[in-house]
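One structure is given here, and the rest of the page talks about it.
The values are calculated or read from the model by the stated rules, or taken from the named source; none is laboratory data. Please read all numbers here as calculations on a predicted model, not as lab measurements. Because the Cβ atoms are built from the backbone with ideal geometry, glycine has one as well, and the counts that use them run over all protein chains shown. Side chains are part of the model used for accessible areas, which takes the heavy atoms of the whole protein and leaves out ligands, DNA and RNA. Shrake-Rupley method; radii C 1.70, N 1.55, O 1.52, S 1.80 Å.
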Amino acid sequence: MTIPLRKYAPSSQNQRVKSFEIPGEEQPRIYTTEGTPDTAEIDQLVWAAYRQIFNEQQILVSNRQLTLESQLKHKSITVRDFIRGLLLSETFRLRNYDTNNNYRFVEMCIQRVLGRNVYSKQETMAWSIILGTKGRQGFIDALLNSEEFQSNFGDNTVPYQRRRIIAQHSMGELPFSQFPRYDQYHRQQLENLGYFQAKAPIGYWWNQHKPPYNPVSLLISSPLLFIEHLVFFAFIVYVILSYYGLVNL
């Protein structure tokens with residue numbers, strides 16, 4: 001039996017405040033496939049989707065999903081399907097799901113998929129139960145199939161942070177794509193994935209190669225190094241002169 005989403009009360013956030021506004025520079029740009037977008041507009045839409053799902057800190061060439069991009073450009077899938085593919089990709093799992101607990105992962109996905117912050121701990125817990133019972137794919141499908149996503153973005157629009165700026169406030173909310181976290185839990189997760197592995201010690205053939213170096217060895221090695229360079233330079237000059245026939249080998 002599937003556990004339904006627990007009820008939670010929404011809090012007062014900007015995206016729930018109705019207002020008449022004049023669009024300006026601070027308003028988010030909406031990327032959509034409605035109408036007849038040209039190739040350049042589709043490319044901009046693709047990168048807007050990457051910025052929304054992976055954030056600025058994770059936009060890497062290795063994160064690109066070329067198959068999904070091709071399907072979107074040939075209209076084989078919708079923008080919502082493209083977003084689903086990015087969320088279910090292996091790179092998104094490695095960089096976001098494996099390095100965070102369920103609560104943090106739920107908060108990140110709500111920000112990037114629904115375009116808002118979580119309302120409360122009750123909402124975080126409710127979606128965490130869906131994540132724990134249905135798995136990552138079931139959780140992503142539940143977000144993308146929700147009435148909130150369908151009414152705000154539908155099948156053809158890239159999600160964005162809704163109502164970050166409103167006319168009644170002199171300052172808006174901070175963007176979701178801020179610097180990555182470096183708390184103890186996050187660093188421990190990265191360490192478990194092998195990000196901070198210690199380098200192997202340098203191997204030495206002879207004991208005199210190990211620091212601290214013997215002053216006598218340093219005194220002897222300096223002229224030897226000079227003689228080695230001098231012999232090598234003389235050999236190069238001899239080869240060049242032999243090539244032009246000035247000396248015989």
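Keeping the other protein chains in place, figure out the carbon and sulfur percent of the accessible area of region 111-150, with a 1.4 Å probe.
Details: 760 of 1560 Å².
Result for region 111-150: 49 percent of the exposed heavy-atom area is carbon or sulfur.
Modelled spin labels at residue 41 and residue 98, positioned 7 Å past Cα toward Cβ, are 3.9 nm from each other.
In terms of the mean number of neighbouring beta-carbon atoms within 10 Å, the peptides 79-88, 98-107 order highest first as 79-88, 98-107.
Put 134, 75 in order of accessible area, highest first, and with a 1.4 Å probe you get 75, 134.
Solvent-accessible area of residue 221, all protein chains in place: 50 Å² (probe radius 1.4 Å, heavy atoms, ligands and nucleic acids excluded).
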